[in-house]
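Student: Starting off with a structure, shown below.
The values are calculated or read from the model by the stated rules, or taken from the named source; none is laboratory data. Just so it is clear, the model here is predicted, and its values are computed rather than measured. Cβ: placed from backbone, ideal geometry, glycine included. Neighbour counts: every protein chain shown.
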Amino acid sequence: MNTLIKETGHRNERTLVIVKPDGLQRGLTGEVIKRFERVGLKLVGLKLLLPTKEMIEKHYITDPAWFEKVGNKSLKAYAERGGTPPSNDPVEVGRRILDRLVHFMTSGPVVAMVWQGANAVPLVRKLTGGMEAFTSDVGTIRSDFVLDSYEMADSQDRAIRNVIHASGNLDDAQAEIAQWFNSNEIIDYKAIHEQILYQDFSDLLGK
């Protein structure tokens with residue numbers, strides 16, 4: 001590892017982004033890429049694919065307690081907005097959520113991407129915004145391009161349409177990248193803009 005990498009620490013951090021079927025159908029893939037390129041992240045993996053049911057289940061079910069945790073979170077949200085859940089059993093609610101996600105994510109092609117750069121995981125999450133438009137900061141992808149809400153989605157018994165997925169933390173990012181990409185599908189290369197972002201400017205002047 002050279003001095004440049006030691007000094008910057010996280011410049012090789014990677015995260016997974018998936019443009020969901022709604023984002024692809026709405027022609028937002030280029031806009032998503034532009035947002036991450038503008039901030040200085042580097043695209044190192046990209047492919048168009050039609051996910052299978054097995055791929056989506058593996059993506060979301062990260063531990064045996066997933067159904068209960070997701071179900072409890074959903075039940076709390078129902079209670080906060082005064083709604084009536086389809087069941088009071090968190091595991092059953094969790095299974096219904098997974099069914100919705102599988103139906104949505106296998107309904108059409110998606111674009112899977114790997115982005116690399118300093119603090120890539122939290123930076124991409126920040127640029128992505130909250131899960132629905134109402135909880136997204138102004139200027140984020142979901143604030144600018146999403147009008148769907150959990151209430152609307154629940155009323156139609158479907159997954160929320162919020163354009164993209166972004167890895168939640170570094171551990172998730174590493175696991176998700178390994179699931180969606182083979183090692184030979186990720187390209188390690190030098191980008192010109194990295195000189196400006198990571199080098200001391202004196203290096204550019206030959207000092």
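Student: Of the residues 131, 113, which is among the aliphatic types (A, V, I, L, M), at pLDDT below 95 and either part of a loop (DSSP other than H, G, I, E, B) or over 28 Å from residue 156 (Cβ atoms) (or both)?
Tutor: Values: 113 fails: at pLDDT below 95.
Residue meeting the stated conditions: 131.
Student: Scan segment 77-95 and tell me whether some residue there is in contact with a helix residue (DSSP H, G or I) (Cβ under 7 Å, 6 or more places away or on another chain) and closer than 30 Å to residue 196 by Cβ.
Tutor: Taking every residue of segment 77-95 in turn, none turns out to be in contact with a helix residue (DSSP H, G or I) (Cβ under 7 Å, 6 or more places away or on another chain) and closer than 30 Å to residue 196 by Cβ.
Student: Since residue 169 meets every condition but one in (1) in contact (Cβ under 8 Å) with a residue 60 or more places away in the chain; (2) surrounded by fewer than 21 Cβ atoms within 10 Å (Cβ to Cβ); (3) not hydroxyl-bearing (Ser, Thr, Tyr), which condition does it not meet?
Tutor: (1) is the only condition that residue 169 fails.
Student: Now for a different question. Tally time: how many residues in segment 125-151 are hydroxyl-bearing (Ser, Thr, Tyr), closer than 15 Å to residue 165 by Cα and touching a residue at least 24 places away in the same chain (Cβ under 8 Å)?
Tutor: Result for segment 125-151: 1.
Student: Also: For segment 109-160, which residues satisfy the criterion of being among the basic types (Lys, Arg) and surrounded by fewer than 15 Cβ atoms within 10 Å (Cβ to Cβ)? Before you say what the answer is, go through the steps one by one.
Tutor: Keep residues of segment 109-160 that are among the basic types (Lys, Arg), which gives 125-126, 142, 158.
Selection gives 126 alone.
Student: Among helices (runs of 4 or more DSSP H) lying entirely in segment 1-74, which contain 2 or more residues that are at pLDDT 90 or above and over 17 Å from residue 170 (Cα atoms)?
Tutor: Answer list for segment 1-74: 21-25, 29-39, 53-60.
Student: If you don't mind, another one. Among the residues of segment 132-145, is there at least one that is aliphatic (A, V, I, L, M) and more than 17 Å from the chain's Cα centre (by Cα)?
Tutor: Yes: one or more hits.
Student: Do we find a residue being surrounded by fewer than 19 Cβ atoms within 10 Å (Cβ to Cβ) and more than 23 Å from residue 146 (Cα to Cα) anywhere in segment 24-33?
Tutor: Looking for residues that are surrounded by fewer than 19 Cβ atoms within 10 Å (Cβ to Cβ) and more than 23 Å from residue 146 (Cα to Cα), one finds none in segment 24-33, hence no.
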